[in-house]
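So the structure is just underneath, and the comments pick up after that.
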Amino acid sequence: VDKASGKIICLFATDKGLFGSTPTDPIRIRMCTSMDHGVTWSAPVDLTDQLYGAGCSNPVTKNWYAAWVASGAAHQLRSGRIVAAVGVRQTSANQIDNFMIYSDDAGVTWQPSTGIAEQSGDEAKIVELNNGNLLMSIRNPGVRRMNTSTDKGLTWGTAYNQTDLIEPNCDGDIIRYTSTLDGYDKNRLLHTIPSNSSSRKNVSVLISYDEGATWTVNKTIYPGASAYSSITVLPDGTLGMFYENGEYETYQMYFVRFSLQQSTIRLLLLQ
């Protein structure tokens, strides 16, 4: 959501499959927007030629075979820039690498960043740190992979294992909850993942008080089978989390609303 206008921006992939995409016939990245809280949506706008493939003027990304925006939320920086992680097949091989796209005009136009954040990763998320650096959290077997950018995502450092973020190679989310820059007494980043090294279960919210260096608090949302998740801060300061719950044979979508102080969390099944 663009903070200045309230516009909701939805980015999604269409047409070709991941491994059927080529520079001349690529997965299309499209965008719809809503100005009425999601009641109505604009017609899809094709962003592909701005970002990658044979129709793109960027000398690097025009040769990419496939790109798609990672599932979950994008992130808006304090400057207004909107950033989103993308998974990329740079060649005809099946390896997926992590890059970033960004917009400086509330989603009207988009540009690709050609700095690679991680090779052979997937479904990454990005959050801005208090010092202005960007932190990317990347899906990976066993533990999350992390990387930092000091130039708003144009280039990235060396990726590393975040050993206190255990996960079974599954999508998750990372957001800013509070910042001392906004008058709060503590800095808090939140991360949602299935907190298990091998199985998709025990979806949890983890808290970092030191800008992602360590994650010292782990709050279980649902201990059973559970997978993808997304989290947001609601207007009253509580948290809303949308996640896949595998209590039955197939995943169902659950929404939970809670505060970090609650000892129990009530689940709401979305019909």
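Values in this text are rule-based calculations from the coordinates and carry no lab data. Quantities reported herein were computed from a predicted structural model and do not represent experimental measurements. Backbone-built Cβ (ideal geometry, glycine too); neighbour counts: all protein chains shown.
Using the Kirkwood formula on the Cα atoms of the chain, what hydrodynamic radius do you get, in angstrom to one decimal? Walk me through the numbers on the way to the answer.
Numbers: mean 1/r = 0.0523 Å⁻¹.
After inverting the mean inverse Cα-Cα distance, the result is 19.1 Å.
Of E247, E118, the sequence from fewest to most neighbouring Cβ atoms within 10 angstrom is E247, E118.
Close amide-amide hydrogen proximity is noted between G115 and no other residue 5 or more places distant or on a separate chain, at a cut-off under 5 Å (H modeled in the peptide plane; Pro and chain starts excluded).
Test of understanding: ordering M100, M146, M31 by Cβ neighbours within 10 Å, fewest first, what list do you get?
Working: M100 27, M146 22, M31 18.
Ascending Cβ contact count within 10 Å gives the list M31, M146, M100.
Taking the Cα atoms of region 41-108, the ratio Rg/Rh between the radius of gyration and the Kirkwood radius comes to 0.98. Residues within the reach of a label modelled at R257 (point 7 angstrom out along Cα to beta-carbon, backbone nitrogen below 14 Å), restricted to region 216-250, are 232-242. Ranked for footprinting exposure by Cβ neighbours inside 10 Å, fewest first, R30, R144, R257, R89 give R257, R30, R89, R144. Pairs from the list K7/K201; K16/K219; K3/K152; K62/K201; K7/K219 with a Cα-Cα gap above 30 Å: K7/K201; K16/K219; K62/K201; K7/K219.
Each residue of region 133-140 was assigned a 3J(HN,Hα) from its phi angle through the Karplus curve 6.51 cos²θ - 1.76 cosθ + 1.60 (θ = phi - 60°); the sequence is 5, 9, 10, 9, 10, 10, 4, 6 Hz, with glycine and proline shown as x.
Sequentially through region 43-55, phi angles give Karplus couplings (6.51, -1.76, 1.60; θ = phi - 60°) of 5, x, 10, 7, 9, 3, 5, 6, 10, 6, x, 4, x Hz, Gly and Pro residues having no value and appearing as x. When +1 charges are put on Lys and Arg Cβ atoms and -1 charges on Asp and Glu Cβ atoms, the dipole computed for region 159-271 relative to its Cα centre reaches about 220 debye.
For region 1-50, what is one quarter of the convex hull surface built on the Cα atoms, given in nm²? Present the calculation step by step, with values, prior to reporting the outcome.
Working: hull surface 16.6 nm².
Reported value for the Cα convex hull: 4.1 nm².
Rounded to the nearest whole Hz, the Karplus-based 3J(HN,Hα) values (6.51 cos²θ - 1.76 cosθ + 1.60, θ = phi - 60°) of region 95-107 follow the sequence 5, 10, 10, 10, 10, 9, 10, 8, 9, 10, 9, 6, x, with x at glycine and proline.
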